[in-house]
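Structure provided below as structure tokens; questions to follow.
The values are calculated or read from the model by the stated rules, or taken from the named source; none is laboratory data. In this text, all values refer to a predicted model and were calculated from it rather than measured experimentally. For neighbour counting, all protein chains shown are included, and Cβ atoms are generated from backbone atoms with ideal geometry for every residue, glycine included.
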Amino acid sequence: MASGDPLVSVLQRPHVKVEDVAILIAREANPILDEHALRRALDGLGAEALIRRGLRSTPERDGQILAELLFVELGFEGERDDYYNPNNSYLDKVMIRRKGIPISLSVLTMAVGERAGMEVEGIGFPGHFLVRVGGPEGVYQDPFNRGELLDGVGLRKLAAKSLGAEMALHPSYLEPIDCLTITIRMLANLKNAHRRQGDYARAMLACDHLVELTQAPEHRRDRGLLAHALRTYGAASEDLAAYLEARPNAKDARVISLALEEARDEANLVLH
């Protein structure tokens with residue numbers, strides 16, 4: 001995964017943490033971000049959680065400590081009224097506003113828990129990111145819902161809500177995912193949030209990272225469409241053509257072909 005992308009470089013470091021990636025993503029959007037101050041704030045929260053934890057604890061108690069500290073006392077909560085606001089995805093903004101989406105609040109919970117000596121892992125539950133506290137025999141926690149601890153019944157209800165009542169709770173939904181996979185999910189959220197707001201330049205920045213990290217044709221398609229919207233038709237043509245070459249029988253092939261034809265026409269007009 002050789003690349004000049006700074007995210008790629010961070011992910012290649014040994015023992016990289018999700019917070020390292022989240023802070024880099026936040027700094028790209030906010031160049032004056034004080035990274036050291038942000039980390040000190042996380043250190044303070046982690047120290048408080050460690051004091052409450054003491055020398056001996058259980059996964060359930062660890063989860064309760066995190067829920068009480070972050071979501072009861074400090075008031076962090078899931079943003080329901082303005083869910084697609086990009087600020088919900090940037091760790092620095094989440095710390096200031098105390099609102100976020102499931103994955104950003106999970107990253108916060110992981111960062112604080114790890115500082116307190118807890119084992120807190122990201123769980124790539126479809127449609128609703130969770131954490132697991134205490135390893136394979138531990139407890140599942142929902143940071144978006146004020147740190148609620150979920151048993152089997154709660155997990156099945158969440159699966160029915162997120163995926164539809166007819167979908168079973170597959171064991172793979174409850175497995176921890178690595179830093180790269182979490183990063184891809186964070187970037188996909190940012191891409192969609194900025195695109196919904198019409199901020200195609202920031203959406204394209206997220207897409208650039210996604211292309212570098214995954215090489216997936218679908219991300220090249222999305223980047224091409226964003227380039228088209230930004231009237232950078234040469235770049236749009238290159239990405240859209242690459243998508244069609246990789247996915248000639250895609251359901252959206254006809255639509256993308258038309259967009260590619262238009263991009264090429266516009267690029268030729270610029271050249272002439």
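Can LEU230 be described as at pLDDT 95 or above and buried (at least 17 other Cβ atoms within 10 Å of the Cβ)? Even if it seems obvious, please write down each step before you answer.
Numbers: at pLDDT 95 or above: yes; buried (at least 17 other Cβ atoms within 10 Å of the Cβ): no.
So LEU230 fails the test.
Let me ask something additional. With the requirement that a residue be more than 24 Å from LEU180 (Cβ to Cβ) and surrounded by 14 or more Cβ atoms within 10 Å (Cβ to Cβ), what does the range 1-42 give you?
Restricting attention to the range 1-42, the residues satisfying the condition of being more than 24 Å from LEU180 (Cβ to Cβ) are 31-32, 34, 36-37, 40-41.
If the condition is that a residue be more than 24 Å from LEU180 (Cβ to Cβ) and surrounded by 14 or more Cβ atoms within 10 Å (Cβ to Cβ), then ALA41 is the only one that fits.
Moving to a separate point now. Output the residues belonging to the range 66-104 that are among the acidic types (Asp, Glu), buried (at least 16 other Cβ atoms within 10 Å of the Cβ) and in a helix (DSSP H, G or I). Reasoning before the result, please.
Taking the range 66-104 and keeping what is among the acidic types (Asp, Glu), we get 68, 73, 77, 79, 81-82, 92.
Within this subset, residues satisfying the condition of being buried (at least 16 other Cβ atoms within 10 Å of the Cβ) are 77, 79, 92.
Result: ASP92, single match.
Looking only at the range 52-108, how many residues end up being of a type in the set (A, V, I, L, M), farther than 30 Å from ARG195 by Cα and touching a strand residue (DSSP E or B) at 6+ places or on another chain (Cβ under 9 Å)?
Residues that pass the stated criteria total 2.
For the range 135-149, check the following and say yes or no: at least one residue is within 19 Å of the chain's Cα centre (by Cα), assigned by TED's automatic domain parsing to the domain that holds LEU38, surrounded by fewer than 24 Cβ atoms within 10 Å (Cβ to Cβ) and closer than 19 Å to THR58 by Cβ.
Yes; the residues of the range 135-149 include at least one that is within 19 Å of the chain's Cα centre (by Cα), assigned by TED's automatic domain parsing to the domain that holds LEU38, surrounded by fewer than 24 Cβ atoms within 10 Å (Cβ to Cβ) and closer than 19 Å to THR58 by Cβ.
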